[in-house]
Structures are given as C-alpha cells and as structure tokens.
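Please treat every number below as a calculation from the coordinates, not as lab data. Given the structure is predicted, the values throughout are model-derived calculations rather than measurements. Positions of Cβ are backbone-derived with ideal geometry, glycine not excepted, and every protein chain shown enters the neighbour counts.
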Amino acid sequence: MSTFQFPPSIRSRPVYGTLAPRPGKAHLMIADAEGAEAILSLAGQGPGLMAKTHVIYIPKGTGETYVDQLRALKSAQFYTGPTYAASVQRIRRVLSDAHMGLQVYLAGTEGLMGQAEAEAIAAGIPHSAIQTEHRGSVARRMQCVHCKGITEDVMTDPFTCAHCGLNLFVRDHYSRRLAAFQGVCVDAEDPGNVPEPRELYS
Amino acid sequence: MSAAPQKARAGAERIDVTVSAVVPVNDLVTRFEFTRADGRPFPPFSPGAHTVVEMQDGGRTRLNPYSLMSDPSDPTTYAISVRRDDAGRGGSLFMHRNVKPGDAMTLSYPVNLFPLDRRARKHVFIAGGIGITPFLAMIAHLEHLGGAWELHYASRNRALGSYVEDLTAKYPHKVHAIFDEDGEAIALEDLLDGQPLGTHVYVCGPAGMIKWVHDTATAHGWPAENVHSEEFLAPQPGKPFEVRLCKSDIVIQVGENESLLEAMERCGVDAPFLCRGGACGQCETEVVEADGTFDHRDHWLEEDDHASGKKIMPCVSRFIGETLVLDR
C-alpha cells in the first residue's frame, strides 16, 4: 500500500479521504503515480461505474506499473499523459463539456490533486464535492511567497526556490487557488544561517 | 463584549413605512407596496431577502415574514405579495382585509436567508404557488447583470398563477409555466439533466416540493451546495403549555393559537428572532429542565439536537408536558 497518514496540522492544510462511488451522470477520475491504486480500488466498488468514467492518468515515476491494470478497467475513456502540464488541456476540455451530475475523483500526489481540484472548482464544482485520496509521494508543490515562483516536488525542508534561489521553509499554509503550500525565507534576518535540510515527514 | 452598538430591541432594525399601493393580483394573492415614511431611500437588499411585517391587529402585534419581490435596484419601493390563507393564524387575512393605501406600518430591515450563489454559472428557479415571490427579485437582479437563469413555475391554474402572464410575456424563452389543473407537472429529472457544470437550483414552495427537489438532485449527483431552498413555517397551534423563563424569572402560559416566541413577547420578554419561521436560527434557546415531550417543527436544529432535549426554537416549536424551564 502506498498510503501515508499525515499528522494533524493547521486548518489550512488539506485533508484527504478515501474514494467512494457516488451517484452521478458521469465520472471523471484523475490520478498520478500510485494514485492508480486508489482508482483500481474504487473501480471494484461500483458495478457499472467505469462504463460512465473518463480516466486521466499520469504515471510519473511509476512508468508502466499500473497502466495495463487501469486499461483493463474498461472505462468509457482512458488517457495517459506524460506530465500534468501535458494533460491539463484535456482536463479543461472534459470539464468544459461536462454537465451537472459529474462526479470528480482525484488520487495520487498533493500537487496533482490540488491542481486538478483548482480546475474543477474553476469549472463550477464546489471543492467540498470533489473527492480526494492521497497515495504515493509526500512531495509538495510549493510557492515562494517572495518571488511567487512554483517549485514542484519539494521533498526537503528547507529547500531552495527554483526561481529566485532563496532558502525557503516549508509551511503547512496552503492555497487552494494556487494549489500550493507557502515557502517562506528561512534566513531573512541572518542570511546564510540555514538549517540542515531534512526530508519531509522523516 | 463587542464594540458594536447594542440594539434596543430584538429582531432586525425597523423602518416606518406608508402603504403606497394595494394591488389584487388574483383571487388569493394581493401585492402591497411600501414607501418610507421619512422619504429617504430604502436600504438596499439582496434578492431572496425577506422583511418581517409588523401588523397592529387590535391588541395583538403580528409579525410575519414575507419575501421582498420588488426590483432590488429600486430604493423607492419595497413590495411583497401575500397569499390569503383562510385557515391560517390570521396575518394574511389581516393584510387582505385591513391594510389600505396610506396606512402607516412597520417593516424590519431585510434579512436574506435565501441568497443567490454568485459563483453559479446558471441559476435554475423552481417555484410552487406563492413561492414565486423571491424569484421575482432574483430575476430582476439577474436581468440587470445579464446572468443566466430559467424558471419552472408550477401553479394550480393560469388564473391563480401570480405574475405568470407578466413573466411569460417578458421572458418567453426562460419561463416555463406549469398548471396542475391541466395535468401538467414539472419534469424535474429532465430539467436537471444536462444543466451546465456550475448550475445552482433554487426551490421555494410547499415542503413536499422542496424535499422532492433536494432528493432528486442528490440522486442525480448534484452537490448539496448547489441546491438551495426556502420555506417559512407558520407556527401551528397546539395544546397550551406553561414555561418558566429562568433569566427573566417569570412563568408564562403559551396559548393554543400563539407560538412560544409570541407568548414571551406578550409577557414583555425581549427574545431574539429574525425569520419567525424556523429557518434562521436566531431564536435558538437552551432548555434548562424539561419533563415532557418536545414538538420540534423547525428546519434549523440538527436531528440530534432535537433528540437531545437541550434546545428549542420558540418561533415554531412547542412542548407537551409538566415542566419546561428555558434559559431566557
């Protein structure tokens, strides 16, 4: 299993659940990497569910591990994309064509779920109606609060901003709009005094 | 304590008005239009808001909520439409029989428990009978903004369909009139099907219709956040009962034809309220002691609150039993 129990934190920090089938006219499942396991588990719970489902899957580092199993679910549509950025056009198109009664299921890393959630919210679905299940890496999508640049897949705290090079402290303070956590300069008052980076949740 | 000024009396602030017009709409419904007694503009209101109308009926003060149906962009006039309920508690009969143009009355500031969700891509209105009134203000507002909307309006027949002629004439492609006596019914499943993502549905009408819309939308996969409803309950009569109010240190009798809230007010207790119809939650009161059965009738408290016997909504709910002590 690829699940991780996040410790309790501030209210801003997203919490994730376990995907469960809900009544709907159509279903959209978006997952990356080990998120495939959540989709496979969900598919087994709802007879007839996959026949009304569009699956969008980004294998990330898992390569072909889950692709054949997902294809075998015989969803109405199945798409694999090399990256989220390559898949987002398709996600937007699916959402813009969708009608009320669409159920959205997101699984995998926080970065994938957060970004896909932002697209679904922009399309008119309330965030509380979007199901999420975290699987796989605990890497975070971070926004530098100073330069506003986004650094993907941050695994250590502190880390170096990929845009402006500041040393950033990883906060649990989250923006649903940006689908990113806040990174705040850790050595602003004493430049160069940077704690040794530690792996997140280590 | 907050720094906000303390209000002198419970309920929303009040406005003295003059009845400027009394217009029969059909056999059951009359429209009342008001202007401000001091000539100033009315406070702006958001569509869906209601006002509590204060009626001086002999020695009795009646306070009934009615949805504001006038165009929210018109600060000179507030208008309500009142359906005469011959079997009701008498507020609507008082309005129909006693209120004449030129009369001085008092309205509360508007309170909105049924607002439009501004994030909606489209608004679908479902009205039953006099439930049309909040939608008239919403439609006027959305027409100014160019918002997307459609109305499905069920009434008994064309003659009793308040404003149905105006609406179908003005918005022939957006208004769907349904007449029960013609054997028609709102095709709810069909109209929910295929609505664009981000559509919100609003229902105002009888309790059965509201439940039907909530249940059907849920079964079709609509998020609860996208389904809105408003139903004012009229306090129903019941057996008289006795209540001790421990803060006020008095024992009061609640008569057969008055609500617990009205009995408190009659005895000089300034109890909080806004909607007086079991919807807003303002009058929620702690139960200190009870020996008997609660008759909960509100939409506000959760089921476990009702079961706990620790809370009551005095605007609509009653009590049957020996002892009831409230923290008021």
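With both residues required to sit in region B:241-326, DSSP beta bridges show an antiparallel share near 90%. Once you reduce region B:18-54 and region A:146-202 to the center of their Cα atoms, the two points are 57 Å from each other. The residue among A:Ser9, A:Thr132, A:Ser96 whose Cα reaches farthest toward the positive pole of the charge dipole of chain A, with charges on the beta-carbon of Lys, Arg, Asp and Glu, is A:Ser96. Of all DSSP bridge pairs formed entirely within the protein assembly as shown, close to 55 percent run antiparallel. Relative to the Cα centre, the charge distribution of chain B, modelled as +1 at Lys and Arg Cβ and -1 at Asp and Glu Cβ, gives a dipole magnitude of about 880 debye. Note on the protein assembly as shown: Cα-Cα pairs beyond 43 Å make up 36% of the total pair count.
Rounded to the nearest 20, the Cβ-based charge dipole of the protein assembly as shown about its Cα centre (Lys and Arg +1, Asp and Glu -1) stands at 860 debye. Each listed q (0.10, 0.13 Å⁻¹) maps to a log10 I(q)/I(0) for chain B, found by the Debye formula over equal Cα scatterers with no solvent: -0.63, -1.05. For chain A, no complete DSSP H run has alpha carbons reaching 30 Å or more along its own long axis together with a mean Kyte-Doolittle score of 0.0 or higher. Under 5 Å from the amide H of A:Gln131 lie the amide H atoms of A:Val104, A:Leu106, each residue being 5 or more positions distant or on a separate chain, with H modelled from the backbone and absent for Pro and chain starts. Taking Cβ atoms as reference points and 13 Å as the exclusive limit, the residues near B:Pro206 contribute a net charge of -1, counting Lys and Arg as +1 and Asp and Glu as -1. P(r) for region A:26-134, from all Cα pairs and a bin width of 10 Å, is 15, 54, 29, 1 %, short bins first. Rounded to the nearest 20 debye, the dipole magnitude of region B:214-295 is 100 debye, with +1 charges on Lys and Arg beta carbons, -1 on Asp and Glu beta carbons, and the Cα centre as origin.
Only Cα pairs under 8 Å and 6+ residues apart enter the sum, and on that basis the relative contact order of region B:14-111 stands at 39 percent.
Volume per residue for region B:122-230 equals 101 cubic angstrom (convex hull of Cα atoms). Restriction of the GluC sites (Glu not before Pro) in region A:105-202 to DSSP coil positions whose beta-carbon has at most 12 other beta-carbons within 10 angstrom yields A:Glu189.
On the principal axes of its alpha-carbon atoms, region A:140-199 has extents of 32, 23, 18 Å, going from largest to smallest. When DSSP beta bridges are restricted to pairs lying wholly in chain A, around 35% turn out antiparallel. Taking every residue in B:112-123 and counting other chain Cβ atoms within 10 Å of its Cβ, the average works out to 1. Inter-chain Cβ neighbour count for B:199-205, averaged per residue, equals 1 (cutoff 10 Å, partner chain atoms only).
So which lysines can B:Lys170 reach, going by Cα to Cα under 20 Å and dropping same-chain residues fewer than 8 places off? Partners within reach: B:Lys122.
When cysteine pairs in chain B are screened for C-beta atoms closer than 4.7 angstrom, the residues that find no partner are B:Cys204, B:Cys246, B:Cys267, B:Cys283, B:Cys315.
Summary of the geometry: region A:34-68 and region B:141-176, compared by the centres of their Cα atoms, lie 45 Å apart.
The residue list B:Ser108, B:Ile139, B:Leu167 was ranked by how far each Cα lies along the charge dipole of region B:100-212 toward its positive end, using unit charges on Cβ atoms, and B:Ser108 comes out on top. Based on the Kirkwood approach, the hydrodynamic radius assigned to region B:14-111 is 13.5 Å, with every pair of different Cα atoms included. Normalised by 2.2 N^0.38 Å, where N counts its residues, the alpha-carbon radius of gyration of chain A equals 1.07. The mean sequence separation of alpha-carbon pairs under 8 Å and at least six residues apart, normalised by the residue count of chain A, gives a relative contact order of 21 percent.
Cβ distances below 4.7 Å define possible disulfide partners, and in chain A the cysteines left without one are A:Cys185. For A:Leu166, neighbours were defined as the other residues whose beta-carbon sits under 15 Å from its Cβ, and their charges (Lys and Arg +1, Asp and Glu -1) total -2.
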